[in-house]
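Where a number appears in this text, it was derived from the coordinates with a stated rule and is not lab data. Quick caveat: nothing in here was measured; it's all calculated off a predicted structure. Every residue, glycine among them, receives a Cβ derived from its backbone with ideal geometry; neighbour counts consider all protein chains shown.
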Amino acid sequence: MKVTLQNLTKEYPGRGRKQPQTVAAVKDFSFEIPDGELVGLLGPSGCGKSTTLNLLSGLQKPTSGRIFFGDDDVTELPAESRGVGLVFQNYALYPHLTVRQNITFPLENRKGRDKLTRQQMADMAMEAAGLVQIQDLMDRKPAELSGGQQQRVAIARALVKMPRILLLDEPLSNLDARLRLQTREEIRRIQRSTGITTVFVTHDQEEAMSISDRIVVMDRGVIQQTGKPQQVYDDPDNLFVAKFLGTPPINVFDGRVRGERLYIGDEAVLPVPGIADQDVTAAIRPEGFLPGPGGAFTCQFRGMEVMGRDVSILSCHSSAQTPVIRSIVSAGTAAAPEAGMIRFDLKPGKVFLFHRDTGARLRF
Amino acid sequence: MEQNNRKAWLYLLPAMLFLGVFLVYPLIDVCVYSLEEGYNFASQTYWGLGLYNYAYVLRDPYFLQALKNTFILVIITVPVSTGLALLISLGLSSIRRLQELYQTIYFLPYVTNTLAVGLVFMILFKQTPYTDGLVNQVLSWFGAGPIDFIDGPYWAKMLVLCVYTVWVVMPFKILILTGALASVDRTYYNAAKVDGTPGWRIFTRITLPMISPTVFYLVITGFIGAFKAYSDVVALFGTDLNAAGMNTIVGYIYDMLYGTSGGYPSYASAAAIVLFAIVLTITCVNLLVSKKHVHY
């Protein structure tokens, strides 16, 4: 099911005298989700991603704009008529019902022509349970399950009614690190095998990058950039996106362009053809540094961190916006600091320039 | 270890003394009294031990009347007051505006003096030489004749007592239930809504099980409270309850001790033990039933 959002806006009323102006949680949000894709809504807390999800589910009504599922305009449809499956952040499993009863709960609501027999419901519940591999847990209560198992039950309950789209609100945030890794593969697998268009919300960029076909980066209710995860990472549209994506985070410097060359401090570190003379914000991915004795960019050496296959070089520079610059080089690369200084060459594709005031990308 | 134990007992001593003197001793004493036959209040002597007191009480028509009254009161008021309180709390929790005002209004009877409430019920139901009472006035609009609710037929008196009891016990239940309803996580309702669950089903399958411990608590305390009804009956029908045919078990016990026909602590004790046995049985039945239907 293709999902289209057109100029979607959600405003919350102000709170009396103290805060009379309305607050827009989502502003003029236009986006199209192709059929069968897994889309990650990504952004920091309060960026409007959960509101967007609630608008999709119908639990909240937009102030303006329209939502289409396929060609149907569902903007005015209440949540129960939209046929969405929603997995809540805290799973919202009914604690007094068994896993089986939880999963069949949505089916028992069907009336009239769609009414199902007990046998049909049991079969469908078993099928959904099989999809998330919880057939052995059907007669337990949610309190007797681990977090990961509860998560699976919640997904099974959302899937059992064959939703037109599946919505997941921070699906992995309540799981520990190992389970998170495992569950995100699981979500990917389930989404692939059912082919249901899926939207999930997360503040964890790694999560979004790893399983999404497409990510939507949001900040303060506005879409910052959409695209394939790698493409957004490699080609950020603005400083916010560049900073938000990537671990370790991108290194940001105050720089300036003179004669089509980027200066950081007093050094010309990179030719930037086509950029007019101006002050810029320069951002360099950790993997964009090539240490070498003849490098153009000189930093004060602070130390090395060896983390498995990668080596991080920690250094600092007076123009950096963070106290520590972190660069990642593959193990075995010779990094020889001289007199406390280390020199780098920069990979052009890993250096992004942004307008000093607006944060908009300056492409070279 | 030994030292610790002694210390612990020392700390428990004040409470144990207090409970012992005011709870355990009287309890045992009541049992003993109920078995002492022909106890004489003045000389503090008795003939012998036996079950005669129980036999007397259980054959006493006044006691049987009190038993019947109490049972009717319990069976009508506990479900009605709990059900009504549930309805009203549901209403209260689904409105936004004026919620606090209504909550206050519904809670007012709880903090109102019993005598004042009794007076209001007098005005509503009592027939005097000057007026038939408000309720009779309303009845007369529908062509129904004046009914003497206070001194008239048994069913009319019972009706007044039940209305009064329900009205008096409801505020507390509403307060507790609105609290319980407010503590149910909203996401359950959202989840149910996304799944297209109709309202009544949300109530029976989600809301009710979620607040079932509270409802259960109210039912148990409601039963116990109604079995102990006395002051309400006095407020409505005066102190000569046997004559009015509106006595309750507690009223009977009181009359046996201090009433005009009183001075029989043995009969009173036997009646008290019977009441205790009834309440215990009902509570046990409640607990058994709750195992299946209450979700903690």
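Ordering A:24, B:166, B:258 by Cα displacement along the dipole of the protein assembly as shown toward the positive end leaves A:24 in first place; charges were set at the Cβ atoms of Lys, Arg (+1) and Asp, Glu (-1). Over 23 Å between Cα atoms: which of A:115/B:193; A:10/A:111; A:49/A:243; A:243/A:347; A:49/A:141 fall into that group? The answer is A:10/A:111; A:49/A:141. Other residues with beta-carbon under 13 Å from the beta-carbon of residue A:234 carry, at +1 per Lys or Arg and -1 per Asp or Glu, a net charge of +3.
Peptide A:82-92 is shielded by partner chain Cβ atoms: per residue, an average of 3 of them sit within 10 Å of its Cβ. When peptides B:233-242, A:137-146, A:233-242 are sorted by average Cβ neighbour count within 10 Å, with the highest value leading, the order is A:233-242, B:233-242, A:137-146. Name the residue farthest towards the positive end of the dipole of the stretch A:197-278 from the options A:272, A:226, A:250, assuming +1 on Cβ of Lys and Arg, -1 on Cβ of Asp and Glu, about the Cα centre. Selected residue: A:226. About the centre of its Cα atoms, the protein assembly as shown shows a dipole size close to 660 debye [charges on the beta carbon of Lys, Arg (+1) and Asp, Glu (-1) only; nearest 20 debye]. Less than 5 angstrom separates the built amide H of residue A:362 from those of A:353, A:354, A:355, all sequence-distant by 5 or more or on a different chain.
The charge dipole of the stretch B:53-293, taken about the Cα centre with unit charges on the Cβ atoms of Lys, Arg (+1) and Asp, Glu (-1), comes to about 900 debye, rounded to the nearest 20. Local charge for residue B:242 was computed over the other residues whose Cβ lies under 12 Å away, with Lys and Arg +1 and Asp and Glu -1, and equals -3. Averaged over peptide A:156-165, the number of partner chain Cβ atoms lying within 10 Å of each residue's Cβ comes to 1. The charge dipole of chain A, taken about its Cα centre with unit charges on the Cβ of Lys, Arg, Asp and Glu (plus for the first two, minus for the last two), comes to roughly 820 debye.
Peptide A:97-107 shows a mean partner chain C-beta count of 2 within 10 Å per residue C-beta. Straight-line cross-link partners of residue B:228 among the lysines, defined as a Cα under 22 Å from its Cα and at least 8 positions apart when in the same chain: B:68, B:157, B:173.
Mean separation of Cα pairs under 8 Å and 6 or more residues apart, divided by the residue count, gives chain A a relative contact order of 15 percent.
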